[in-house]
Amino acid sequence: MELKSPLLLDSVAVQRVWGGSRFEGPEMPIGEVWLVHDENVIKGGPGAGKTLGWVCETFGEALLGSALWAKSERRFPLLIKLIDAAEWLSIQVHPNDDQAASLEGDGVRGKSEAWMVLDAEAGAQIIAGTQRGVDQHHLEEAIRQGTVADLLSVHDVSAGDVFDLPAGTIHALGPGTLIYEVQQSSTITYRISDWNRPSSAGRALHIDQAIVCARVTPNCAPTRAPVIWSGEPTETVSSEFFKLISIAVDEQPVELCTAGERFHVVTAIEGAILLSGNGWQNAIRPFDTLVIPAALHQYVVSGADSGRVLISMPG
């Protein structure tokens, strides 16, 4: 078996107490839909029925690309999800790689992430970063005293806003937001405040860990993802760990290439999208996600009508 076509993944719905109603769930509301993760099952393409992690272990460089392989990366490095918030998420922070290894054990990844707002109700807000003038000492004292919310920046948001949130940035999603999130593949979250939800519900606070990880970050204002209908890829986030590209598409095809260096993850956001390459073709609709192995090189994205895709890849 060879990697001659993309991997179409089955998404995984995750129940959260703060989840909204955009995604159906049997009991608790669905807060997250994991589009891409090691444990997601492939429903179309090479390795159908296996997990993405299995394909990563089996095909290595052909999936990940030469850039990651040269860094001795052997695991799928990204987790991509949709987040539907009906209530405030906890005020939280994530560790960097060194802090994660120190606090959680060798080999554990940290968690830098980025958000793109796909939809926002009127008045929706997000907490991201600290206010100007806050120093590290006062931040740590406020975490200990339970008053950290007074030092944080609250941002009004609308569709198209993008937040780049390196590890150490204190943040929280507010009600009425639908978010596309790309992050390092890590589930480590240190809660600083949880809006008086009972910790007995499996939502304990992590004050000591948060003090180690939290950093003063006064420059977290959102950037706006430009709406460009020229078919030109628009880079909205570029970090050490990932890049996020937005493309508006129509009948005019947009040519892309992995160059054998990095896999691409393509998620349809609007419209009916067609992807095609050497000997393969896939039609996807909103929130369908394809992993394009690095070994596939050139591919083309187009749409019968106007549409939009987001493409994440390693940094």
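The values are calculated or read from the model by the stated rules, or taken from the named source; none is laboratory data. A quick note: this is a predicted structure, and the numbers were derived from the prediction, not measured. Glycine also receives a Cβ, built like all others from the backbone with ideal geometry; neighbour counts cover every protein chain displayed. Each accessible area value is taken on the protein alone, full model and side chains, heavy atoms only, with ligands, DNA and RNA left out. Shrake-Rupley method; radii C 1.70, N 1.55, O 1.52, S 1.80 Å.
Here are the numbers:
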{"read-out": "Residue that is outside any strand (DSSP E or B) and either among the acidic types (Asp, Glu) or surrounded by 19 or more Cβ atoms within 10 Å (Cβ to Cβ) (or both), where the choices are Val216, Val291", "value": "Val216"}
{"read-out": "Filtered residues of segment 104-155 (kept if closer than 15 Å to Ile192 by Cβ, assigned to a loop (DSSP other than H, G, I, E, B) and without any contact (Cβ under 8 Å) to a residue 60 or more places away in the chain)", "value": "Gly146, Thr147"}
{"read-out": "Some residue of segment 260-278 being outside any strand (DSSP E or B), open to solvent by 30 Å² or more (accessible area, probe 1.4 Å), under 16 Å from Ile80 (Cβ atoms) and in contact with a Pro (Cβ under 9 Å, 6 or more places away or on another chain)", "value": "yes"}
{"read-out": "Odd one out for Asn196, checked against (1) assigned to a loop (DSSP other than H, G, I, E, B); (2) open to solvent by 30 Å² or more (accessible area, probe 1.4 Å); (3) at negative phi; (4) not aromatic (Phe, Trp, Tyr)", "value": "(3)"}
{"read-out": "Test: Cys257 is touching a residue at least 24 places away in the same chain (Cβ under 8 Å) and open to solvent by 50 Å² or more (accessible area, probe 1.4 Å)", "value": "yes"}
{"read-out": "Of all residues in segment 99-123 being farther than 26 Å from Leu178 by Cβ and among the polar types (S, T, N, Q), the one that is least open to solvent (accessible area, probe 1.4 Å)", "value": "Gln99"}
{"read-out": "Segment 174-190 residues that are in contact (Cβ under 8 Å) with a residue 40 or more places away in the chain and open to solvent by 10 Å² or more (accessible area, probe 1.4 Å), paired with ones that are among the charged types (D, E, K, R) and part of a strand (DSSP E or B) (beta carbon under 6 Å, 6 or more apart)", "value": "Leu178/Asp84; Leu178/Asp119"}
{"read-out": "Set Val216, Val212: member being touching a Ser or Thr at 6+ places or on another chain (Cβ under 7 Å), at pLDDT 95 or above and more than 29 Å from Pro293 (Cα to Cα)", "value": "Val216"}
{"read-out": "Within segment 1-94, strands (runs of 3 or more DSSP E) holding 1 or more residues that are closer than 26 Å to Ala259 by Cα and either open to solvent by less than 20 Å² (accessible area, probe 1.4 Å) or among the basic types (Lys, Arg) (or both)", "value": "7-9, 30-36, 42-44, 78-85"}
